[in-house]
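See structure below.
The values are calculated or read from the model by the stated rules, or taken from the named source; none is laboratory data. Just so it is clear, the structure is predicted and the values come from calculations on it, not from any experiment. Cβ atoms come from the backbone with ideal geometry, glycine included; neighbour counts cover every protein chain shown. Ligands, DNA and RNA are stripped out before the accessible areas are found, and what is left, the full protein with its side chains, is counted by its heavy atoms. Shrake-Rupley method; radii C 1.70, N 1.55, O 1.52, S 1.80 Å.
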Amino acid sequence: MNYLVFGENSGCLLGKKQNDIKKPIRPELFHDEVCLDFQTNKSFATILHQNGTVDIWRNDLIPTNYKTKSPIVQISSGNYGHLVLLTKDQRVYTYGDHNEHGQLGNGSLDPNTKELYEIVSLRDKNIKKVYGCQISAFALSGDKKNTLYWWGHHYTIDNETTPKPIDSNVKTVYNGCSWHIFFKKNDDSFYGWGYNHYGQLGCGNKVTRNISVKVDLPVKSSTVVDVACTNNGSVIRTNENNIYIAGSIQSKNKLKFEKIDFFEDKEVISMSSGRKHVLFLTRDLDLLLIGHSPINNYFPSHTLCDSKNNIFALINLGEENQNIGSIYMDYNYGVLLKVKTSPLLQDLKRFYEEKQFCDSDIFGIPIHSLLLKIRLNNQMEFEEIKKAIEKNFTKEDTLNFIQWVYYEDALSISLVEKIESMFNIKNLAEKSIMHDFQNLYNDDDSKNFTILVPYEDPDENEEDECEEIPVHKLLLQIKSGLFRDFFLNLKKNTVSVKDYSGKTVESLEIFVKFLYTGTIDITADDDPRLVYDELSDAMEYYQLSIYCSLTQELIKMKNNYNL
């Protein structure tokens, strides 16, 4: 992943103080390296490197490298100066200069700033993920019970200096700059746990919970896909891309999740929380903020766009940052870390969350069989691939692998080696979804859908009345919600474009190539104005302009040629 920073900060994130908050820049301490993760808290910042070590630095800007016997595969920073780390061999370590509430889990209240401390009691728990929170931490096991462990403090229990189980059958955990958390269980039911003085658990009251409570969503058919937790409030995003809020992020306490109508026409693709605020990134690359942040100090160029809900527009990131896919805001209000991904990856993430066209599963986890073959670049039949995975992978390994297939999430070193060995792949870490689809463009044998375009003068083409343009149905489904709706009712594998001139053939071919490769070829003999007009007409005709990134490419082309 590559990162950019935007906004005022404590200094340790950039290697120097950022004065121009209007322009996102790359932190100097990253140099030219692509790192696996980056976390911050009130005391220090941490980079997880591809070699399984971490660099930790404070305001002196001098990184100190730490490593364990087994490579570090995940980090999660707690807000009050503590860090939780997970290694390849599933051991949990902590680090930090704050431990007054037992958040290091080392059985005492003593800080630990000299070395990483292993929580030995979790050594045999098959831990698969760790989470830092306000002044606590959590660890999720990969055993049959999927137990969630907790240590630290959350207002109802005295300081807990060693991990204790709080629930089981947990699938996904959502944490943040908060005294509370949420999690989904294996049946996708949604639960809250922890501090609830402002109603931030959304369960209908203000009772703080040391036993998890089930949280009912406003729409029963909804599924939670993202959560942002502040000190006193919570925001959830559902699979219908609706935004709901509970607690006190705005001016009054909400004891149950209520929908924010402002976001109805905004497609949010990522959220991140600070202490008293939540930041949103939309598909149009707008950064929006809701909450009590001292916004005048950190984002002076903001605009109030919804006084009812206290929502501010901060900045539009512009075309030069169109491949940003998610955001991260640290404890110190104004620091925003943006993770860069491709437009195709954003489309694919949304497509997978809908689960509408998954045609198979592995260990019960839904998947698109063709996409799996594309990502592995493998000639094996899907059933052979599935059989090999279910024989050699755990369910947790499979889930991590599928998240790599769709989201390009980082994989552990051991899992990368296993995948490379099983499927004869070299340099798996260097593979990208965009590169895989670029290769797919020339693979006519696997294309399973045909767009038929009538010739301008059929009499000159007596044998065939239409030009055939083959495509992969999966790609059209990924790129367009309209095509997804279209394919729900269309059972055949062709579609005809009627009453359109022969020029559509050329423009549609250019358009289809762009969908696969993200590029448009213009030669010296081409009239860019005609190319632009033809593509614009085709885009309007196929009703795709609001869905795919070709629109931005057309605007860029128009500006470049002063059209």
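Send over the semi-axes of the stretch 170-209's equivalent ellipsoid, whole angstrom and largest first, taken as the square roots of 5 times the C-alpha gyration tensor eigenvalues. Intermediate values should be presented prior to the final figure.
Values: eigenvalues 68, 27, 8 Å².
Its equivalent ellipsoid spans semi-axes of 18, 12, 6 Å.
Just to make sure I understand: if all protein chains stay in place, what is the order of HIS302, HIS154 by accessible area at 1.4 Å, largest first? Mind showing how you got there, number by number?
On the way: HIS302 40, HIS154 0 Å².
These residues rank, largest area first, as HIS302, HIS154.
For the stretch 174-185, take each phi angle, set θ = phi - 60°, evaluate the Karplus expression 6.51 cos²θ - 1.76 cosθ + 1.60, and give the result in whole Hz per residue in order, putting x for glycine and proline.
10, 10, x, 7, 8, 9, 9, 9, 10, 8, 9, 8
Rounded to the nearest whole Å², what accessible area per residue is found for the stretch 339-441 with the 1.4 Å probe? Present the calculation step by step, with values, prior to reporting the outcome.
Details: 4840 Å² over 103 residues.
On a per-residue basis, 47 Å².
Counting other Cβ atoms within 10 Å, keep those with at most 13, restrict to DSSP loop, and tell me which trypsin sites (Lys or Arg not before Pro) in the stretch 50-119 are left.
Taking the stretch 50-119 and a limit of 13 other Cβ atoms within 10 Å, the loop trypsin sites (Lys or Arg not before Pro) found are LYS69.
Using the heavy atoms of the protein chains and a 1.4 angstrom probe, tell me the accessible area per residue for the stretch 75-230 in square angstrom.
Numbers: 5940 Å² over 156 residues.
So the stretch 75-230 comes to 38 Å² accessible per residue, rounded to a whole number.
Consider just the alpha-carbon atoms of the stretch 149-224 and return their Rg together with their Dmax, both in angstrom.
My reading of the Cα-based Rg and Dmax gives 12.4, 39 Å.
Compute the FRET efficiency between ASN439 and GLN356 as 1/(1 + (r/R0)^6), taking r as their Cβ-Cβ distance and R0 = 25 Å, and round to the nearest 0.05. Working shown, then result.
On the way: r = 26 Å, r/R0 = 1.02.
For R0 = 25 Å, the calculated efficiency reads 0.45.
Order these peptides, 180-186, 117-123, by their mean beta-carbon neighbour count within 10 angstrom, highest first. Intermediate results must be reported in sequence, preceding the final value.
Working: 180-186: 22.6, 117-123: 17.7.
Order by mean packing, descending: 180-186, 117-123.
Ignoring ligands and nucleic acids, what accessible area does CYS203 show with a 1.4 Å probe (Å², nearest 10)?
Only protein atoms counted, so the area is about 30 Å².
Compute the Rg/Rh shape ratio of the stretch 173-282: radius of gyration over Kirkwood radius, all on alpha-carbon atoms. Before the final figure, lay out the partial values.
Details: Rg = 12.4 Å, Rh = 13.5 Å.
Reported Rg/Rh (Cα atoms, Kirkwood Rh): 0.92.
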